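Data first, discussion second: the structure below is written as structure tokens.
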2 protein chains.
Amino acid sequence: MKGRNLALLTDLYELTMMQGYFTTGAYNKKVVFDLFYRKNPSGNGYAIVAGLAQAIEYVQGLHFTKDDINYLVSLNMFTEGFIEFLKDFRFTGEIYAIPEGTVVFPYEPLMRVTAPIIEAQLLETALLNIINHQSLIATKASRVVWAAEGDPVMEFGLRRAQGPDAGTLGARAAVIGGCCGTSNVLTGKLFDVPVKGTHAHSWVMSFPNEITAFREYARQFPDNCLLLVDTYNTLESGVPNAIKVFQEMKAAGKLTGKYGIRLDSGDLAYLSKCAKIMMEEAGFGNAIISASSDLDENLIASLKSQGAKINLWGVGTKLITSDDCPAFGGVYKLAAEEDDNGNFIPKIKLSNNPEKVTNPGIKKVFRIYDKKTKKIKADLIALKEETIDENQGLTICDNNAKWRKMHLSPGTYYVKELLVPIFVDGELVYQSPKTMDIQAFCSKEKNSLWGEHLRLKNPHIVPVDLSEKLSQLKNRLIDEMSFH
Amino acid sequence: MKGRNLALLTDLYELTMMQGYFTTGAYNKKVVFDLFYRKNPSGNGYAIVAGLAQAIEYVQGLHFTKDDINYLVSLNMFTEGFIEFLKDFRFTGEIYAIPEGTVVFPYEPLMRVTAPIIEAQLLETALLNIINHQSLIATKASRVVWAAEGDPVMEFGLRRAQGPDAGTLGARAAVIGGCCGTSNVLTGKLFDVPVKGTHAHSWVMSFPNEITAFREYARQFPDNCLLLVDTYNTLESGVPNAIKVFQEMKAAGKLTGKYGIRLDSGDLAYLSKCAKIMMEEAGFGNAIISASSDLDENLIASLKSQGAKINLWGVGTKLITSDDCPAFGGVYKLAAEEDDNGNFIPKIKLSNNPEKVTNPGIKKVFRIYDKKTKKIKADLIALKEETIDENQGLTICDNNAKWRKMHLSPGTYYVKELLVPIFVDGELVYQSPKTMDIQAFCSKEKNSLWGEHLRLKNPHIVPVDLSEKLSQLKNRLIDEMSFH
């Protein structure tokens with residue numbers, strides 16, 4: 001986001017509301033907004049939050065240029081006073097957030113913005129856009145990587161991504177979620193992550209025949225010689241020609257780096273098994289057999305269960321778009337508002353859809369771990385002033401199933417708070433880790449889940465509870481508002 | 001794309017292949033690549049091509065900065081000679097394309113790039129990324145707008161889009177496909193399209209009660225007073241409060257602009273009918289009833305058939321992500337290659353998947369219209385040198401069903417060529433129309449289809465044929481390559 005002018009990356013209604021607050025004079029009233037989501041994508045048991053680094057860049061760079069101002073004036077919708085106000089706009093508030101790569105669950109505030117209402121309102125759309133996108137792709141990548149059972153997975157989707165950012169930031173998120181690298185060179189440059197790739201069909205087609213194309217590729221790139229074998233006929237032509245070239249390389253003492261084949265069409269289970277046999281018979285049993293053809297986590301899991309002989313996976317379209325669930329439903333909701341005495345008054349939104357009723361008040365998230373296994377037992381959304389004494393017993397239930405209680409004895413658990421300060425009084429107080437470090441952190445995070453939570457279908461669910469105080473507050477506000 | 005450095009927005013293998021061509025010395029050999037797609041998204045009967053304006057900006061701005069070069073050097077993958085070559089890289093070739101907003105069909109070259117192989121290869125990933133994304137969203141928007149049967153449709157999806165570009169360029173594409181405007185202010189500024197929006201739940205929640213929030217909004221924005229009525233209770237609180245405010249506005253002579261309500265949750269059919277009755281009884285039968293709640297073309301069609309009283313649609317997530325089909329499967333394939341004598345030799349790619357076999361040679365697309373109805377009869381993909389004499393009879397068949405023949409008598413049809421020159425010798429020779437003009441053009445384009453082609457499900461299919469010469473060429477090359 002650096003160097004990009006994104007002040008107008010917002011829904012128009014944020015600006016009309018901002019003018020509304022400006023005109024009433026109450027625009028400096030401090031409010032608290034929560035950014036949270038309601039449902040894990042793709043039927044997953046958790047999500048991986050991502051995008052904070054770009055959200056930070058957005059907030060830091062937030063200002064209206066002369067061009068922006070001129071455009072807003074041209075809309076004939078805004079008052080002179082408000083336009084003047086925008087000229088000096090910058091973010092002066094506080095932001096807490098859950099660090100990138102963390103395993104998160106529905107209804108937990110991923111980000112908590114405390115600022116004058118006129119500032120907090122503006123941030124809504126862009127923060128949602130950035131966090132929704134990268135959390136979606138990081139979560140999808142985590143599923144794909146899980147399905148590959150330890151085989152490396154490469155992100156290959158740039159050409160099918162929803163625009164340049166989707167390709168570039170999506171690849172970043174995919175790496176956070178566990179991909180070992182990406183084909184996207186810009187992502188490699190911007191985020192210092194490994195870039196991967198060898199050749200396409202056009203390379204083969206641009207030579208008089210396949211063997212010549214393979215030979216030339218092997219001559220130039222002997223250290224990373226993955227040959228694409230399906231341009232003409234995988235088993236009759238591609239694999240035999242690849243073997244011939246490997247034999248020639250071996251004879252010349254050049255077969256010292258990574259080498260193998262890539263399958264990009266046809267029945268990958270069948271073709272990989274046949275190719276494996278052919279290569280083993282020729283003495284190349286340790287060759288890489290990579291595959292890339294509309295793969296996703298379900299197809300990879302199926303190929304694995306069929307015993308496909310693939311040990312390197314290139315995943316494109318269905319990862320970079322999160323094909324089966326292309327949106328992460330994050331929302332940004334008012335949770336509290338300062339009154340004239342400087343006290344924060346909790347706010348709630350009711351809805352005809354029960355799952356859309358919000359959690360009121362200034363909140364934080366406790367993560368409760370089992371001391372022995374170091375696995376997550378539960379999360380607890382509580383009010384900001386609440387604490388947990390690890391020397392006391394703790395009873396947790398699932399907020400969706402209050403009868404399912406869990407009693408934790410003193411000394412058997414420990415607690416971590418998930419939200420950390422990012423901006424204080426408009427100043428950045430947080431340094432984003434490097435992308436590969438976020439990937440390593442995310443991998444550890446996933447180790448705090450049981451395999452049953454990581455399962456692709458019908459995963460075991462980590463209970464997320466509301467503290468007793470928060471529950472009472474919520475019920476009280478629901479009662480009050482129902483008679484509104 | 002202007003001002004953005006996108007040279008590295010590419011898959012790494014484009015660069016390794018470029019170095020490969022560079023090293024063999026054959027990198028100036030001219031080739032022809034076709035950009036085409038194989039299947040309409042969302043089960044549609046056509047697609048709307050979009051993104052050419054951004055593709056042009058990408059090609060025009062294409063160069064490697066010092067930073068790019070340094071990064072590529074740091075990969076330890078490229079030769080000094082090749083790196084030197086990249087420093088002066090620019091596009092010197094020719095591009096033909098089908099103008100944005102045109103109705104297109106599978107296998108038609110949407111773009112044809114003729115250039116030295118080292119240049120044509122680099123363009124692949126970025127062109128696909130840009131054209132795939134915008135064509136996807138323009139096509140989805142066209143479906144949504146069709147379902148709304150003439151009611152205006154607004155694009156509201158920025159917060160759920162896959163990153164900033166997906167929101168901003170996606171909104172552009174949605175407007176091309178027929179949306180009357182977008183909530184995305186940046187899209188409004190960049191592409192001079194209408195921006196829309198009023199207020200969110202947070203506006204209502206930030207006041208002591210709903211009626212105060214509505215009154216203040218009406219006071220400040222009397223000309224465009226759409227009140228969101230579902231913050232607490234749509235029928236018990238929201239709609240009655242809105243009516244009260246409209247009555248007050250009327251009494252004060254302020255009800256002279258657009259006014260009405262927005263429903264954002266609950267059963268939209270039921271709520272809109274109840275709200276309509278309540279507003280009619282209060283004398284506000286002409287109020288706008290807008291709705292926005294996870295809408296897509298199928299839900300809108302269903303609400304329409306249920307007699308929902310909605311006359312303005314705000315469509316977000318499912319449009320901006322093309323939820324049911326989040327990728328447009330465009331590909332970029334080698335079609336011909338210059339030999340040592342400067343003649344173009346047609347090239348073909350076979351595949352284990354029959355639908356992946358390419359059409360060889362330098363091609364163009366004829367669109368054949370019925371003279372009386374001005375509707376499209378068929379498209380014909382032909383070789384570049386072919387012509388059609390409108391004074392002769394013409395026999396067309398569907399390439400997928402060769403037995404289904406169509407005979408056109410002389411004088412009953414007319415023909416248009418779809419591909420127009422964009423770049424010649426590296427120079428831009430085309431001016432992109434304004435986005436709203438593309439929208440108007442696209443609307444005319446859709447008028448060249450029958451309703452049966454526009455239908456959401458199981459649409460009637462426009463036949464796309466290969467010319468006799470192209471068919472023969474393809475069959476000959478398949479025969480030759482099969483014995484490769």
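Look through A:Q134, A:Q162 and report the one residue that is in contact with a Lys or Arg (Cβ under 8 Å, 6 or more places away or on another chain), among the polar types (S, T, N, Q) and buried (at least 24 other Cβ atoms within 10 Å of the Cβ). Give the derivation first.
On the way: A:Q162 fails: in contact with a Lys or Arg (Cβ under 8 Å, 6 or more places away or on another chain).
So the residue among A:Q134, A:Q162 that is in contact with a Lys or Arg (Cβ under 8 Å, 6 or more places away or on another chain), among the polar types (S, T, N, Q) and buried (at least 24 other Cβ atoms within 10 Å of the Cβ) is A:Q134.
Can you pull out the helices (runs of 4 or more DSSP H) entirely within region A:424-484 that have at least 1 residues that are under 27 Å from A:A53 (Cα atoms), out of contact with any His (no Cβ under 8 Å at 6 or more places or on another chain) and at pLDDT 95 or above? Quick ask: steps written out before the conclusion?
On the way: elements: A:435-447, A:451-454, A:468-482.
It comes to A:435-447, A:451-454.
Spot the failing condition for A:N129; the list is (1) assigned by TED's automatic domain parsing to the domain that holds A:P433; (2) over 20 Å from B:A161 (Cα atoms), and only one is missed.
A:N129 satisfies all of (1) assigned by TED's automatic domain parsing to the domain that holds A:P433; (2) over 20 Å from B:A161 (Cα atoms) except (2).
Regarding B:R160, is this residue in contact (Cβ under 8 Å) with a residue 40 or more places away in the chain and more than 8 Å from chain A (Cβ to nearest Cβ)?
Details: in contact (Cβ under 8 Å) with a residue 40 or more places away in the chain: yes; more than 8 Å from chain A (Cβ to nearest Cβ): no.
Here the answer is no, as B:R160 does not meet what is asked.
Is it true that some residue in region B:316-336 is small (G, A, S), in contact with an Asp or Glu (Cβ under 6 Å, 6 or more places away or on another chain) and within 14 Å of chain A (Cβ to nearest Cβ)?
Restricting attention to region B:316-336, the residues satisfying the condition of being small (G, A, S) are B:316, B:322, B:327, B:329-330, B:335-336.
When the remaining residues are screened for being in contact with an Asp or Glu (Cβ under 6 Å, 6 or more places away or on another chain), the result is B:335.
Then keep just the ones that are within 14 Å of chain A (Cβ to nearest Cβ); that gives B:335.
For region B:316-336, residues small (G, A, S), in contact with an Asp or Glu (Cβ under 6 Å, 6 or more places away or on another chain) and within 14 Å of chain A (Cβ to nearest Cβ): present.
Hey, can you tell me all the residues within region B:204-231 that are in a loop (DSSP other than H, G, I, E, B), in contact (Cβ under 8 Å) with a residue 24 or more places away in the chain, touching a helix residue (DSSP H, G or I) at 6+ places or on another chain (Cβ under 7 Å) and not polar (S, T, N, Q)?
Within region B:204-231, the first condition is being in a loop (DSSP other than H, G, I, E, B), and the residues that meet it are B:206-209, B:221-223, B:229-231.
If we keep only those that are in contact (Cβ under 8 Å) with a residue 24 or more places away in the chain too, we end up with B:222-223, B:229-231.
With the extra rule that they be touching a helix residue (DSSP H, G or I) at 6+ places or on another chain (Cβ under 7 Å), the set shrinks to B:222, B:229-231.
The answer is B:P222, B:V229, B:D230.
Could you check, for region A:271-284, whether at least one of its residues is within 14 Å of chain B (Cβ to nearest Cβ), of a type outside the set (A, V, I, L, M), without any contact (Cβ under 8 Å) to a residue 60 or more places away in the chain and closer than 18 Å to A:G307 by Cα? So that I can check it myself, show each step before the final result.
In the first step, residues of region A:271-284 are kept if they are within 14 Å of chain B (Cβ to nearest Cβ); the result is A:271-272, A:274-275.
Subset that is of a type outside the set (A, V, I, L, M): A:272, A:274.
Checking which are without any contact (Cβ under 8 Å) to a residue 60 or more places away in the chain leaves us with A:272, A:274.
In the following step, the residues that additionally are closer than 18 Å to A:G307 by Cα were identified as A:272, A:274.
Yes, region A:271-284 contains at least one residue that is within 14 Å of chain B (Cβ to nearest Cβ), of a type outside the set (A, V, I, L, M), without any contact (Cβ under 8 Å) to a residue 60 or more places away in the chain and closer than 18 Å to A:G307 by Cα.
Could you tell me which of the residues A:F344, A:F328 is closer than 14 Å to A:K29 by Cα and aromatic (F, W, Y)? Quick ask: steps written out before the conclusion?
Details: A:F328 fails: closer than 14 Å to A:K29 by Cα.
Among A:F344, A:F328, only A:F344 is closer than 14 Å to A:K29 by Cα and aromatic (F, W, Y).
Given the conditions (1) surrounded by 14 or more Cβ atoms within 10 Å (Cβ to Cβ); (2) at pLDDT 95 or above; (3) charged (D, E, K, R), report the number of the one that B:D398 does not fulfil.
With (1) surrounded by 14 or more Cβ atoms within 10 Å (Cβ to Cβ); (2) at pLDDT 95 or above; (3) charged (D, E, K, R) applied to B:D398, the lone miss is (2).
Please determine whether any residue of region A:17-34 is without any contact (Cβ under 8 Å) to a residue 24 or more places away in the chain and surrounded by fewer than 24 Cβ atoms within 10 Å (Cβ to Cβ). Quick ask: steps written out before the conclusion?
Pass one, region A:17-34, residues without any contact (Cβ under 8 Å) to a residue 24 or more places away in the chain: A:20, A:24-25.
Applying the additional criterion that residues be surrounded by fewer than 24 Cβ atoms within 10 Å (Cβ to Cβ) yields A:24-25.
Yes, the conditions are met somewhere in region A:17-34.
Search region A:42-53 for residues being assigned to a helix (DSSP H, G or I) and touching a Lys or Arg at 6+ places or on another chain (Cβ under 7 Å), and hand back the single one that is nearest to the other protein chains (Cβ to nearest Cβ). Spell out how you get there, then give the answer.
Let us first name the residues in region A:42-53 that are assigned to a helix (DSSP H, G or I), namely A:42-43, A:52-53.
Imposing the further condition that a residue be touching a Lys or Arg at 6+ places or on another chain (Cβ under 7 Å) reduces the set to A:42-43.
Details: A:S42: 12, A:G43: 16 Å.
So the residue we want is A:S42.
Name every residue in region A:282-313 that is closer than 17 Å to A:S42 by Cβ and assigned to a helix (DSSP H, G or I), in order of residue number. Walk me through it before giving the result.
Filtering region A:282-313 down to residues closer than 17 Å to A:S42 by Cβ leaves A:294-302.
The answer is A:E297, A:N298, A:L299, A:I300, A:A301, A:S302.
For B:G167, are the conditions met, namely being more than 23 Å from B:L226 (Cβ to Cβ), within 7 Å of chain A (Cβ to nearest Cβ) and touching a Leu at 6+ places or on another chain (Cβ under 6 Å)?
Details: more than 23 Å from B:L226 (Cβ to Cβ): no; within 7 Å of chain A (Cβ to nearest Cβ): yes; touching a Leu at 6+ places or on another chain (Cβ under 6 Å): yes.
When the stated conditions are applied, B:G167 does not pass them.
Which one is surrounded by the most Cβ atoms within 10 Å (Cβ to Cβ), of the residues in region B:439-484 that are β-branched (V, I, T) and closer than 30 Å to B:E297 by Cα? Spell out the reasoning first.
Initial filter on region B:439-484 (β-branched (V, I, T)): B:461-462, B:464, B:478.
From what's left, closer than 30 Å to B:E297 by Cα: B:461-462, B:464.
Values: B:I461: 16, B:V462: 22, B:V464: 20.
Only one residue tops the list, namely B:V462.
Can you confirm whether region A:157-166 contains a residue that is assigned to a helix (DSSP H, G or I), at pLDDT 95 or above, outside the structural domain of A:I289 (by TED's automatic domain parsing) and polar (S, T, N, Q)?
no
Within region A:11-33, count every residue that is under 20 Å from A:E94 (Cβ atoms) and out of contact with any Phe, Trp or Tyr (no Cβ under 7 Å at 6 or more places or on another chain).
Within region A:11-33, the subset under 20 Å from A:E94 (Cβ atoms) is A:14, A:18, A:21, A:26-33.
From what's left, out of contact with any Phe, Trp or Tyr (no Cβ under 7 Å at 6 or more places or on another chain): A:14, A:18, A:26, A:28-31.
Within region A:11-33, residues that are under 20 Å from A:E94 (Cβ atoms) and out of contact with any Phe, Trp or Tyr (no Cβ under 7 Å at 6 or more places or on another chain) number 7.
From the list A:F221, A:F191, A:F207, pick out the single residue that is surrounded by fewer than 24 Cβ atoms within 10 Å (Cβ to Cβ) and at the interface with another protein chain (Cβ under 7 Å from one of its Cβ atoms).
That would be A:F221, the only listed residue that is surrounded by fewer than 24 Cβ atoms within 10 Å (Cβ to Cβ) and at the interface with another protein chain (Cβ under 7 Å from one of its Cβ atoms).
Out of (1) free of Cβ contacts under 8 Å to residues at least 40 places away in the same chain; (2) acidic (D, E); (3) buried (at least 23 other Cβ atoms within 10 Å of the Cβ), the odd one out for B:E297 is which?
Of the numbered conditions (1) free of Cβ contacts under 8 Å to residues at least 40 places away in the same chain; (2) acidic (D, E); (3) buried (at least 23 other Cβ atoms within 10 Å of the Cβ), the odd one out for B:E297 is (1).
Among the basic types (K, R) and more than 14 Å from chain B (Cβ to nearest Cβ) - does that describe any residue in region A:251-263? Break it down into steps so the answer makes sense when it comes.
The first filter runs over region A:251-263 and keeps only residues among the basic types (K, R), leaving A:254, A:258, A:262.
Narrowing further to those that are more than 14 Å from chain B (Cβ to nearest Cβ): A:254.
Looking for residues that are among the basic types (K, R) and more than 14 Å from chain B (Cβ to nearest Cβ), one finds at least one in region A:251-263, hence yes.
Select from region B:171-188 the residues that are among the aliphatic types (A, V, I, L, M) and more than 7 Å from chain A (Cβ to nearest Cβ) and write down the one among them that is nearest to B:T102 (Cα to Cα). Don't jump to the end; show me each part of the working.
Step one: of region B:171-188, the residues among the aliphatic types (A, V, I, L, M) are B:171, B:173-176, B:185-186.
If we keep only those that are more than 7 Å from chain A (Cβ to nearest Cβ) too, we end up with B:171, B:173-176.
Values: B:A171: 17, B:A173: 12, B:A174: 14, B:V175: 14, B:I176: 10 Å.
Filtering region B:171-188 for residues that are among the aliphatic types (A, V, I, L, M) and more than 7 Å from chain A (Cβ to nearest Cβ), the one nearest to B:T102 (Cα to Cα) comes out as B:I176.
Is there a residue being over 13 Å from the mean Cα position of the chain (by Cα) and within 14 Å of another protein chain (Cβ to nearest Cβ) anywhere in region B:99-111?
Yes, region B:99-111 contains at least one residue that is over 13 Å from the mean Cα position of the chain (by Cα) and within 14 Å of another protein chain (Cβ to nearest Cβ).
Just need a number here: residues in region A:1-36 that are in contact with a strand residue (DSSP E or B) (Cβ under 8 Å, 6 or more places away or on another chain), more than 8 Å from every other protein chain (Cβ to nearest Cβ), closer than 25 Å to A:P99 by Cα and part of a loop (DSSP other than H, G, I, E, B).
Number satisfying all stated conditions: 0.
Could you look through region B:348-388, keep only residues that are acidic (D, E) and at pLDDT 95 or above, and pick out the one that is surrounded by the most Cβ atoms within 10 Å (Cβ to Cβ)? Reasoning before the result, please.
So the first thing to find is which residues in region B:348-388 are acidic (D, E), and the list is B:355, B:370, B:379, B:385-386.
Narrowing further to those that are at pLDDT 95 or above: B:370, B:379, B:385-386.
Values: B:D370: 15, B:D379: 24, B:E385: 9, B:E386: 15.
Applying the filter and picking the extreme gives B:D379.
Being of a type in the set (S, T, Y) and in contact with a strand residue (DSSP E or B) (Cβ under 9 Å, 6 or more places away or on another chain) is the filter here, so list the residues in region B:37-63 that pass it. Explain how you work it out, then say what you get.
Taking region B:37-63 and keeping what is of a type in the set (S, T, Y), we get B:37, B:42, B:46, B:58.
Those that are of a type in the set (S, T, Y) and in contact with a strand residue (DSSP E or B) (Cβ under 9 Å, 6 or more places away or on another chain): B:Y37, B:Y46.
Pairs needed: first member in region B:239-255, in the same structural domain as B:G285 (by TED's automatic domain parsing) and more than 20 Å from B:V204 (Cβ to Cβ); second member anywhere, in a helix (DSSP H, G or I) and not polar (S, T, N, Q); C-beta distance under 6 Å; at least 6 residues apart or different chains.
Within 6 Å, the pairs are B:L255/B:M249.
The values are calculated or read from the model by the stated rules, or taken from the named source; none is laboratory data. Nothing here was measured: the structure is a model prediction, and the numbers come from that model. Backbone-built Cβ (ideal geometry, glycine too); neighbour counts: all protein chains shown.
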